[in-house]
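Chemist: Supplied in C-alpha cells, the structure appears directly below.
The values are calculated or read from the model by the stated rules, or taken from the named source; none is laboratory data. Since the model is a prediction, treat every value here as computed from it, not as a measurement. Here the Cβ is made from the backbone with ideal geometry for all residues, glycine too, and neighbour counts use every protein chain on show.
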Amino acid sequence: MRSQGQIRHQLKQVIFRHLQKQLRLNFKQRPDTCGFNRRVDLGVDSHVNLCGVTSAAGEPRNIPCDSRIPGCMDMARECPLWEPLKSKAEVKAEFHEIIQSGDRGVIAAEYPDIAALLWVLDESQTVPNETEVEAAVAGAGDEEHGPARSWWSGFLKKLGGGT
C-alpha cells in the first residue's frame, strides 16, 4: 500500500498534467481558441463563427472561421492574426480556482482522477496549491517517490494480477 506522502505526490503530478493539458488546448491554433473569433446567430439553433479582427477603418473582417466549415482548421493554424482566447495566467488562475474550490462535485465532473486521489487522501481542505504542484513535478521520478505508476497497475497488483 502506498503511503499518504506518495499519494499526495501523485496528486500534485496529476494536477500538473491537467494544467499542462489545459494550457496546450488554449494555445492550439484553432478557430475556437482564437480571441478574435465571434459567434453570429443566424436564427433558431443556427450560428456561424466569424473572424472579428478589425481593420484600420474599424470594420471586422467577417471571414468565416468555424471548425465546422471545411478548410477553416487549416486557415486557423496558418493565421498570422490568431491570438489565444486566454492568457497563460488566466488559464492557470481558472484551473487553480476549480481545484482550490474544494467542491468535490465540480472537481469530479472535470477531473475524476484528481477527485479519486482526494477521496483516497480524504483531504477536502488541503488541495495542493500552484507552488506545491510545480515543486512536485520538478522532483518527479526522484528516488524518494520512485517512477510514476498509473493507478491501474497498482489496482491490478492488489488483485494479484499485475506488476
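Conditions tested, residue by residue: (1) out of contact with any strand residue (DSSP E or B) (no Cβ under 8 Å at 6 or more places or on another chain); (2) among the β-branched types (Val, Ile, Thr); (3) surrounded by 16 or more Cβ atoms within 10 Å (Cβ to Cβ); (4) closer than 30 Å to residue 115 by Cβ.
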| position | (1), (2), (3), (4) |
| --- | --- |
| 1 | yes, no, no, yes |
| 10 | yes, no, yes, yes |
| 15 | yes, yes, yes, yes |
| 65 | no, no, yes, no |
| 90 | yes, no, no, yes |
| 99 | yes, yes, yes, yes |
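Chemist: Can you tell me which residue within the range 116-136, out of those that are of a type outside the set (D, E, K, R), surrounded by fewer than 17 Cβ atoms within 10 Å (Cβ to Cβ) and over 15 Å from residue 4 (Cα atoms), is modelled with the lowest pLDDT? If you could, list the steps in order and put the result at the bottom.
Modeler: Applying the first criterion (of a type outside the set (D, E, K, R)) to the range 116-136 yields 116-121, 124-129, 131, 133, 135-136.
Remaining after also requiring surrounded by fewer than 17 Cβ atoms within 10 Å (Cβ to Cβ): 116, 119-121, 124-126, 129, 131, 135.
Among the residues that remain, those that are also over 15 Å from residue 4 (Cα atoms) are: 125, 129, 131, 135.
Working: 125: 44, 129: 65, 131: 72, 135: 66.
Restricting to residues being of a type outside the set (D, E, K, R), surrounded by fewer than 17 Cβ atoms within 10 Å (Cβ to Cβ) and over 15 Å from residue 4 (Cα atoms), the top hit is 125.
Chemist: Also, I was wondering about something else. So residue 19 passes all but one of these: (1) outside any helix (DSSP H, G or I); (2) at pLDDT 90 or above; (3) among the hydrophobic types (A, V, I, L, M, F, W, C). Which condition number does it fail?
Modeler: (1)
Chemist: Please count how many residues of the range 39-63 are surrounded by 10 or more Cβ atoms within 10 Å (Cβ to Cβ) and either of a type outside the set (Ser, Thr, Tyr) or at pLDDT below 85 (or both). Spell out how you get there, then give the answer.
Modeler: Of the residues in the range 39-63, the ones surrounded by 10 or more Cβ atoms within 10 Å (Cβ to Cβ) are 39-40, 47-54, 60-63.
From what's left, either of a type outside the set (Ser, Thr, Tyr) or at pLDDT below 85 (or both): 39-40, 47-53, 60-63.
So the answer is 13.
Chemist: Being in contact with an Asp or Glu (Cβ under 8 Å, 6 or more places away or on another chain) and touching a residue at least 24 places away in the same chain (Cβ under 8 Å): is that true of residue 84 here? Please lay out each step first, then the result.
Modeler: Numbers: in contact with an Asp or Glu (Cβ under 8 Å, 6 or more places away or on another chain): no; touching a residue at least 24 places away in the same chain (Cβ under 8 Å): yes.
Considered against the rule, which asks whether it is in contact with an Asp or Glu (Cβ under 8 Å, 6 or more places away or on another chain) and touching a residue at least 24 places away in the same chain (Cβ under 8 Å), residue 84 comes out as no.
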